[in-house]
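Have a look at the structure below, then the notes.
Coordinate-derived values only; no laboratory data. Just so it is clear, the structure is predicted and the values come from calculations on it, not from any experiment. Note: ideal-geometry Cβ built from the backbone for every residue, glycine included; neighbour counts use all protein chains shown.
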Amino acid sequence: MAKAQRILSGTLILLIVVCLGFAAGFYASRITPQDKASQPAATSPSAIEHSQPNERIYRISPPSIGNGLITYALPALTFKDGLYFQKMSKKDADSADLKKGQSILLYDKDGKLLDAMAEITALGENFGDTDEQITLIANFTQPGITPEFMVSRGEIITGKEQDLSRLPQAAIVKDSNGAPQIWEAHEDGSGKYQAKLVPLPVVRTEGDFVVIGMMPASSNLFILNPDKHLEEGQTIQTEKILYAGPGLTIDYGVKNRLDEITQAYSKMASVNRERQRKLSRVGTKGGSCGIPAGSAQRFIDTIKMRSSPPVFNPPNMSIPGSKQP
């Protein structure tokens, strides 16, 4: 009897456990959607971490401080008879303080600065179509160099500025609309730097660098070698340097290269003159084989004589009984 009661009790306990298991499963299936809706969505790893760690080293520097040029843009130039002509408003010319003798930087259609310069030779008030127009006339400052077929536009140098903030063009990136931007390096308080992309107010471009205007409060440290691997807010490895920028304005560089080109032209012309002088001496002071002048001339005369056909001059024969003229 006792054994039967124990078996019955065990069976009942097993049934109760099974029933409780089914009840718990049913309850969980009913409340899980509500719990999931009430809980915040899990943040994906890509939202808090970048796709791949960036182990590259980026050079960061503040802008350099230096001199720059004040220029007046000539959007188009007309070349005729070895001179450049540009019609413009007299008011604009006066406001830009254009003068005779000012140098003109020249650019090709791709915006590349050419190793050539022009100089204003006249500002003709009598050449304009109206009294409000004048014609600027300019020519090349270096003889023998005429890249007029390459020139697309020009910039007249009207003055120079000091203490300008400058950055290399290689540090600039463009947004989808072509507006200039630059990557800043912001310290996060732990000695590490994070990349942040900000707009860049470019005042003008001078050669390989740009002059920038005032920027809002920032770290004043810019990434000089950006690449496609940079991402917004990314922690980066940095190397602090001091971007010095060019020591001289771009017109000095162009003038130095022009001096080298002019010297090369002069040397080439001297070599050609010497070559012509040596060629002109052949046959007068001796040939190119070292034959004395007299011997060379006699040799030439002998060749001419022997190569000419013989000339037969018959004797003066008279017919008997005839009268001689």
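When Lys and Arg each count +1 and Asp and Glu each count -1, what net charge do the other residues less than 15 Å away from Ser64, Cβ to Cβ, add up to? With Lys, Arg at +1 and Asp, Glu at -1, the neighbours total -1. With each label modelled as a point 7 angstrom along the Cα→C-beta vector, the Lys192-Ile70 pair spans 4.8 nm. For the range 171-240 versus the range 64-97, the spacing of their alpha-carbon centroids is 32 Å. Measuring r between the beta carbons of Gln276 and Asn139 and using R0 = 22 Å, the FRET efficiency lands at 0.15.
The 3J(HN,Hα) values that the Karplus relation (6.51, -1.76, 1.60; θ = phi - 60°) gives for the range 197-209 are, in residue order, 8, 10, x, 10, x, 7, 7, 6, 10, 10, x, 8, 9 Hz. Gly and Pro appear as x.
If R0 is 30 Å, the Cβ-Cβ spacing of Thr121 and Asp163 corresponds to a FRET efficiency of close to 0.35. Sorting Thr235, Thr78 by the number of Cβ atoms found within 10 Å of their own Cβ, with the fewest placed first, yields Thr78, Thr235. Label sites at Gln237 and Phe85, each approximated as a point 7 angstrom past Cα along Cα to Cβ, lie 6.3 nm apart.
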